[in-house]
């Protein structure tokens with residue numbers, strides 16, 4: 001009997017279910033958008049019940065396409081990482097809206113911790129900086145500001161988890177786990193520690209009793225409730241979205257680097273079994289854990305990438321479709337001096353300015369839609385260039401860059417990144433490597449392949465390549481303009 005892999009890809013703006021063969025061929029997908037709630041500037045929320053219902057609907061569509069639950073060897077889950085859900089484990093119902101990774105409401109708390117001198121010790125333990133981006137301070141905010149969350153904590157029935165924890169709990173009817181890649185994004189897990197740390201929990205004011213058990217990224221994590229799909233399906237892979245894309249790109253050896261351009265932009269370099277450190281405000285994170293042994297990555301996170309194009313389309317009405325940016329960028333020889341610093345959710349690595357606001361510089365009466373669209377795409381290369389310099393300073397110089405994610409399908413942007421980096425940019429024909437990485441882990445967990453290296457050989461497809469081609473003077477002038485615009489923040 002043919003055995004398929006079902007991947008649940010829980011993104012920021014949508015949820016998807018994707019069906020793969022054991023050789024990595026995509027058989028089908030179903031997708032539903034997620035409602036974005038913006039209750040105040042800097043605040044971004046999701047409805048956890050909506051996430052569950054829409055994920056379940058997409059999954060059922062793919063189970064039917066597979067020919068039934070008995071045709072699926074395992075489920076892999078990949079997810080937006082730092083988003084936090086609070087629910088009552090006695091009822092299985094959420095206690096508040098989920099706080100999304102983009103949410104900045106805990107900036108003041110992070111500043112208090114920094115001013116008290118805690119950041120260096122936290123970074124040494126967790127590889128992370130004290131920033132609202134990460135899950136732990138969001139958990140604390142929910143405890144302090146949502147009475148239902150505080151009451152559940154007092155009653156001992158509170159669960160605090162990231163999206164994979166929430167989905168596993170709902171799918172299995174009660175399993176409460178978090179894989180090491182997601183757990184390493186909370187500020188509560190030491191990179192060298194097996195479970196969440198008492199001291200870090202005390203520092204952030206998060207009860208350890210409300211947290212999940214930390215697990216490997218592939219294995220047997222329980223089975224789905226029979227009534228959901230007609231028969232139980234084992235859950236065999238769990239991984240945060242950026243680690244999943246790194247695996248899906250085949251970055252399984254130290255030094256191999258990928259960049260995912262989706263809602264945000266995230267660059268990870270495999271660091272092997274060496275716990276990574278940074279002097280340039282990059283992040284250390286767990287890439288994956290196998291039989292209790294961890295492989296690590298060095299990461300640079302940009303908060304705004306595809307969401308900038310979405311803003312130009314939906315809020316300003318400058319675009320009809322996101323793909324229109326490529327046509328507009330090609331229609332002119334340069335941006336006319338227009339530079340966009342897309343700090344709508346603060347600035348991430350390597351700047352880490354959570355209170356920063358976006359800037360559009362260099363406007364004139366000659367500025368039109370094309371100049372702004374081109375400047376939006378150029379901002380991706382500018383931010384990537386800053387990260388390349390930071391990685392090199394930390395001893396992780398890139399020799400090429402593997403790109404993926406929805407924005408990477410834009411040929412003009414991929415070429416522009418190669419031009420600004422002065423490096424080859426590689427893009428797989430199948431750019432949905434986030435889902436592919438989860439499929440690879442699930443295939444290993446289900447016993448369809450013996451290792452991730454074997455899964456990579458069997459499941460990954462062909463790759464295209466963009467070589468740099470730009471006048472050095474034009475490149476340097478763009479960097480001058482970029483740094484000038486950064487200084488205006």
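Here is the figure for the stretch 275-327: residues that are more than 17 Å from the chain's Cα centre (by Cα), under 30 Å from residue 195 (Cα atoms) and free of Cβ contacts under 8 Å to residues at least 60 places away in the same chain total 2. Counting only residues that are within 18 Å of residue 100 (Cβ to Cβ) and surrounded by fewer than 22 Cβ atoms within 10 Å (Cβ to Cβ), the stretch 1-11 holds 1 of them.
Look at residue 190 and say whether it is out of contact with any strand residue (DSSP E or B) (no Cβ under 8 Å at 6 or more places or on another chain) and either assigned to a loop (DSSP other than H, G, I, E, B) or closer than 30 Å to residue 424 by Cβ (or both).
Details: out of contact with any strand residue (DSSP E or B) (no Cβ under 8 Å at 6 or more places or on another chain): yes; either assigned to a loop (DSSP other than H, G, I, E, B) or closer than 30 Å to residue 424 by Cβ (or both): yes.
When the stated conditions are applied, residue 190 passes them.
Given the condition more than 25 Å from residue 327 (Cβ to Cβ), at pLDDT 90 or above and surrounded by 16 or more Cβ atoms within 10 Å (Cβ to Cβ), answer yes or no: does some residue in the stretch 368-375 qualify? Checking the stretch 368-375: not a single residue is more than 25 Å from residue 327 (Cβ to Cβ), at pLDDT 90 or above and surrounded by 16 or more Cβ atoms within 10 Å (Cβ to Cβ).
Exactly one residue out of 173, 117 is under 30 Å from residue 74 (Cβ atoms), modelled with pLDDT of 95 or more and more than 24 Å from the chain's Cα centre (by Cα): that is 173. Residues that are within 29 Å of residue 77 (Cα to Cα), modelled with pLDDT of 95 or more and out of contact with any strand residue (DSSP E or B) (no Cβ under 6 Å at 6 or more places or on another chain) within the stretch 414-435 are absent altogether. Within the stretch 472-485, residues that are surrounded by 17 or more Cβ atoms within 10 Å (Cβ to Cβ) sit with their Cβ atoms under 6 Å from residues that are in a helix (DSSP H, G or I), at 6+ positions apart or across chains, in these pairs: 482/382.
Please go through the stretch 230-248 and give me each residue that is surrounded by fewer than 24 Cβ atoms within 10 Å (Cβ to Cβ) and touching a strand residue (DSSP E or B) at 6+ places or on another chain (Cβ under 8 Å), ordered by number. Show your work before the answer.
So the first thing to find is which residues in the stretch 230-248 are surrounded by fewer than 24 Cβ atoms within 10 Å (Cβ to Cβ), and the list is 230-232, 234.
232, 234 - these are the residues of the stretch 230-248 that are surrounded by fewer than 24 Cβ atoms within 10 Å (Cβ to Cβ) and touching a strand residue (DSSP E or B) at 6+ places or on another chain (Cβ under 8 Å).
For residue 332, the stated conditions do not hold, so it cannot be described as part of a strand (DSSP E or B), closer than 23 Å to residue 359 by Cα and modelled with pLDDT of 95 or more. If the condition is being under 27 Å from residue 401 (Cβ atoms) and outside any strand (DSSP E or B), then the stretch 344-361 contributes 345, 348, 349, 350, 351, 352, 354, 356, 358. Contact list please: Cβ distance under 9 Å, first residue in the stretch 414-433 and on the phi > 0 side of the Ramachandran plot and without any contact (Cβ under 8 Å) to a residue 60 or more places away in the chain, second residue assigned to a helix (DSSP H, G or I) and surrounded by fewer than 21 Cβ atoms within 10 Å (Cβ to Cβ), pairs at least six apart or on different chains. Cβ pairs passing all conditions: 422/472; 422/475.
Kindly indicate the residue of the stretch 203-214 that is surrounded by fewer than 20 Cβ atoms within 10 Å (Cβ to Cβ) and not in a helix (DSSP H, G or I) and also nearest to the chain's Cα centre (by Cα) among those meeting that condition. Checking each candidate, the answer is 213.
Per the listing 81, 104, 89, 71, the residue uniquely in contact (Cβ under 8 Å) with a residue 12 or more places away in the chain, farther than 22 Å from residue 235 by Cβ and in contact with a strand residue (DSSP E or B) (Cβ under 9 Å, 6 or more places away or on another chain) is 104.
Inside the stretch 221-259, residues that are over 23 Å from residue 381 (Cβ atoms) and not in a loop (DSSP other than H, G, I, E, B) make up a count of 15.
With respect to residue 194, determine if the residue is closer than 18 Å to residue 239 by Cα, over 18 Å from the mean Cα position of the chain (by Cα), surrounded by fewer than 19 Cβ atoms within 10 Å (Cβ to Cβ) and touching a residue at least 40 places away in the same chain (Cβ under 8 Å). Lay out the reasoning, then the answer.
Working: closer than 18 Å to residue 239 by Cα: yes; over 18 Å from the mean Cα position of the chain (by Cα): yes; surrounded by fewer than 19 Cβ atoms within 10 Å (Cβ to Cβ): yes; touching a residue at least 40 places away in the same chain (Cβ under 8 Å): yes.
The answer is yes for residue 194.
The values are calculated or read from the model by the stated rules, or taken from the named source; none is laboratory data. Here the structure is a predicted model, which is why all the values come from computation and not from measurement. Note that each Cβ is placed from the backbone with ideal geometry, even for glycine, and that neighbours are counted across all protein chains shown.
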